[in-house]
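Below is one structure, written out as structure tokens; the observations come after it.
The values are calculated or read from the model by the stated rules, or taken from the named source; none is laboratory data. Everything numeric here is computed off the predicted structure, so don't read it as measured data. Note that we place each Cβ from the backbone using ideal geometry, even for glycine, and neighbour counts take in every protein chain shown. Keep in mind that these areas ignore ligands, DNA and RNA; they rest on the heavy atoms of the full protein, side chains included. Shrake-Rupley method; radii C 1.70, N 1.55, O 1.52, S 1.80 Å.
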Amino acid sequence: MLLRRLLVIPLLLVCASGFCQSKSLPAVKTSQAPKIDGEPDDAVWNLAPVATDFIQNFPTFGAQASVKTEVRLLYDNNALYILAHLYDTPSLIRKQITARDGEQQSDVDYFSVFVDTYNDNQNGFQFLVTSMNVQTDVRLAPNLGGGFGSFGDKTWDAIWDSKVKMVNDGWIVEMKIPYISLRFSKKPVQDWGIQFLRFTRRNNESSYWNPVDPNVNGFVNQFGELKGLQDIQPPLRLSFSPYISTGFRSTPQKNGYLKEWLRSGGMDVKYGINESFTLDATLIPDFGQVVSDNVINNLTPFEIRFQENRPFFTEGIELFNKAGLFYSRRIGATPRGYYAVRSMADADPNIQIIKNPTLTQLYNAIKFSGRTKRKLGIGFFNAVTAPMKAVLKDKTSGEKTTIETEPLTNYNIVVLDQSLKGQSYLTFTNTSVIRNGSSRDANVTAVDVALYGKNNRYAITGTARYSKIWNTNSYDGYSSQLQFSKVGGKLLFFVKSLVESKRYDPNDLGLLHAPNEVTYRANISYRKNKPTKNFINYSYSLDNRLQYLYKPYAYHRYDITGTAFWVFKNFWDVTLVSQLTPFDVHDYFFYTRYPTGKYLTLPLNFVFDASGSTDSRKKLFGEYGGTFARSPRFNNDYYGGLLGVRYRFSNKLSLQISYVAHKELNNLGYAFELESNGDPIVGFRDLKENITTVSGIYNFTSRMNLNLRIRHYWSEVQYSGFYNVSGKGDIVSRSFIDNKDENINIFNIDAFYTWDFKPGSKLIIGYKNWLDDQEFVPFQFPKNNYLKNLGEVLNLRHGNELTLRFIYFLDYNQLRKK
């Protein structure tokens, strides 16, 4: 009996400290809105209860925050109002000016409020203000962590107001979040999830009002509650963002330059159809002012996945991509017939290209999304791209020929996402691509389910996919996955199996590198989230993966990977990864993503990788990495290194330089050649790859900045021998093939001056310089010297583009008042 009582005492102490249940705030409605000026002298603030006693999440979970924070919250018929007093010694407050959404890895303190308006423990909004009054806003999605880092979709930009003021005992934040920037149901009385975060940069301390336990799965489910919001009416959410743009582009051609005046105009529209659902539309969009892709020399049969930088396709798409079937770069991509037209002109000097668009024009796109009172998320996406046509001219006769390189195409996504109890959900997704005429059409249907236990420690997740392609040779396929996981606590694990049939194909609107696979995987990991004598936290994991071909069911590969991660007391971190492939690999994908039954045998190999970074609070910050891999049978050695340095010159200017170098000896791979009977040819080759990136930002003010990014990519490929592949996967020597060596250079400069002169309105001046892929350094040029090669690159003809764009935000409610 005495033992039982002793065991209960610690539990009671923990409950008394606020860990047993969520904190709550009574919602207080005001008839007089406070003035958002950073001054806490409005008498109405005295009506609001105080949220305080913040608890650390990092670096010491469970400890009281090292600095005091007091937050007050009010609401009226138009908005939420937040007043935060962040007590501190003024000289210790970090105050770097950043770009919008740029507080991560910057030397700045910040305060943030999170709102779960549907109280579904899965979705929500974040509004963040730094000590220099720079704003960040984020759309929250399920199963995101609550540690030091991002929480969701930062590309979402809302319209709200904030002011910051430094005072003798710290700093003050006032925020106004209008309902036009939120989505919530229409009910007489509502309870919302609410959370407050304070980040103190000098000790990297994240503290929350309602404790966020890193050992508990999920983030939104660890919010407190804002109870009893009464009679708030969702406003008419209607806004317009018309834009105009102009500029000049000069592109190298075979005989001179193609010079173009660029001019465009269009508009983005947001319309709240009801209290919960919003329609986003873009009409005649122009996506010219985006950062250049990180193009590489791709020596695999698999497509490179590029980052999406176009705002319309990054903002608020978390629902549409919950099933992982939406690769937005499919929309507005390079026309499928673009390179065929170029090849025609290269093969026949009598043909001149008059017009051959490099990108597919987007007519319009819409997104419809929201969530009902019963927590059913509904999403509909549609985009229509124009037919693209190339124009060729016969130099002798003067006759012009028009060739369609891409047909008129319609892209659609439909999503139904039902939030269940806790973290559980059931999601239905359908994607379709319909092309004009007899061109290929596609449809993919998916069901995703996640079931979490009552204590949120265990989960069962499953997926099912079915694809159908209509073409001259129609076909279909499927994919399914089942996983059991322990998702809470220090010791985690999962076991899963994945099956992809031979003809499963989601690639018209998604991206799948290789179908026709069966994968079995088991992972176990341990994480320590409380500081020890030497570490702030650390984790270890061991992963096993066994793969077979689906049809015929045949062994593909097995590998085992161990990972260790440590964060030291000085905020340096180190990651070590070791992977062993102990048996031969039967690579069915060595020359095509659609296996034919022929495979290439790759022998045992092992990989060691180390990476890490220094204390990001310092002016001088570094990151590093090194990799060594070896396959003994082929004397195949791989060496890789990364070195990056960022220096913060002032609270306005920072510059970052990174250099990545890879070298591989006796790499065996597809030589991009076929025998007359269609059999693939492989080759041994030495590879070198160097990537230098220079980026910097100068922030004139919290709403005006200049961004610069320069990237040079250099790849060398030298073949030493060519081989056929036998029926058992072994290599058989054949005659040498000349002129297969490569010397590839890609060069880009991207510079953007951005002025957010009014919430939602901005002026952008962009400059782009690039090395066209028809300009190259001859392979005979002396290599092995990076600077000489770079000098040759700078002497080649480059493309140039200078653009100006003006965007103006118009809110219907403000126009109506005026």
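A few remarks follow.
- Test result for ASN769, open to solvent by less than 70 Å² (accessible area, probe 1.4 Å), more than 30 Å from LEU602 (Cα to Cα) and without any contact (Cβ under 8 Å) to a residue 24 or more places away in the chain: no
- Positions within region 461-502 being in contact with a Phe, Trp or Tyr (Cβ under 9 Å, 6 or more places away or on another chain), assigned to a strand (DSSP E or B) and of a type in the set (Val, Ile, Thr), in sequence order: THR461, ILE469, VAL495, VAL499
- The residue list TYR638, TYR624 contains one member that is modelled with pLDDT of 95 or more, surrounded by 18 or more Cβ atoms within 10 Å (Cβ to Cβ) and not small (Gly, Ala, Ser), which is TYR638.
- In region 381-400, residue modelled with the lowest pLDDT [restricted to those that are exposed (fewer than 13 other Cβ atoms within 10 Å of the Cβ) and touching a strand residue (DSSP E or B) at 6+ places or on another chain (Cβ under 7 Å)]: LYS395
- Residues in region 84-129 that are at pLDDT below 95, farther than 30 Å from SER276 by Cβ, open to solvent by less than 10 Å² (accessible area, probe 1.4 Å) and assigned to a strand (DSSP E or B): VAL108 only.
- Only one entry in LYS663, LYS652 is in contact (Cβ under 8 Å) with a residue 60 or more places away in the chain and within 30 Å of SER695 (Cα to Cα), namely LYS652.
Okay, residues lined up against (1) outside any helix (DSSP H, G or I); (2) surrounded by 14 or more Cβ atoms within 10 Å (Cβ to Cβ):
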site: ARG305; (1), (2): yes, no
site: GLU308; (1), (2): yes, yes
site: LEU319; (1), (2): yes, yes
site: LYS322; (1), (2): yes, yes
site: ARG329; (1), (2): no, yes
site: ARG336; (1), (2): yes, yes
site: ASP346; (1), (2): no, no
site: GLN352; (1), (2): yes, yes
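- Here SER397 clears all of (1) in a loop (DSSP other than H, G, I, E, B); (2) touching a residue at least 12 places away in the same chain (Cβ under 8 Å); (3) closer than 30 Å to LYS259 by Cα except the condition numbered (2).
- Residues of region 454-470 satisfying the condition of being without any contact (Cβ under 8 Å) to a residue 40 or more places away in the chain and either open to solvent by 30 Å² or more (accessible area, probe 1.4 Å) or in contact with a Gly (Cβ under 8 Å, 6 or more places away or on another chain) (or both): LYS454, ASN455, TYR458, ILE460, THR461, ALA464, TYR466, SER467, LYS468, TRP470
- Note on region 544-583: among residues that are modelled with pLDDT of 95 or more and charged (D, E, K, R), the one that is farthest from the chain's Cα centre (by Cα) is ARG557.
- ILE378 meets each of the listed conditions (1) at pLDDT below 90; (2) β-branched (Val, Ile, Thr); (3) not in a loop (DSSP other than H, G, I, E, B) apart from (1).
- Looking only at residues of region 641-669 that are open to solvent by 30 Å² or more (accessible area, probe 1.4 Å) and over 30 Å from the mean Cα position of the chain (by Cα), we find that the one that is nearest to SER702 (Cα to Cα) is LEU665.
- When residues of region 67-83 are limited to those that are out of contact with any helix residue (DSSP H, G or I) (no Cβ under 7 Å at 6 or more places or on another chain) and open to solvent by 10 Å² or more (accessible area, probe 1.4 Å), the one farthest from LYS569 (Cα to Cα): ASN77
- Region 258-269 residues that are over 14 Å from ASP280 (Cα atoms) and in contact (Cβ under 8 Å) with a residue 60 or more places away in the chain, paired with ones that are surrounded by fewer than 16 Cβ atoms within 10 Å (Cβ to Cβ) and not acidic (Asp, Glu) (beta carbon under 9 Å, 6 or more apart): LEU262/THR246; LEU262/PHE248
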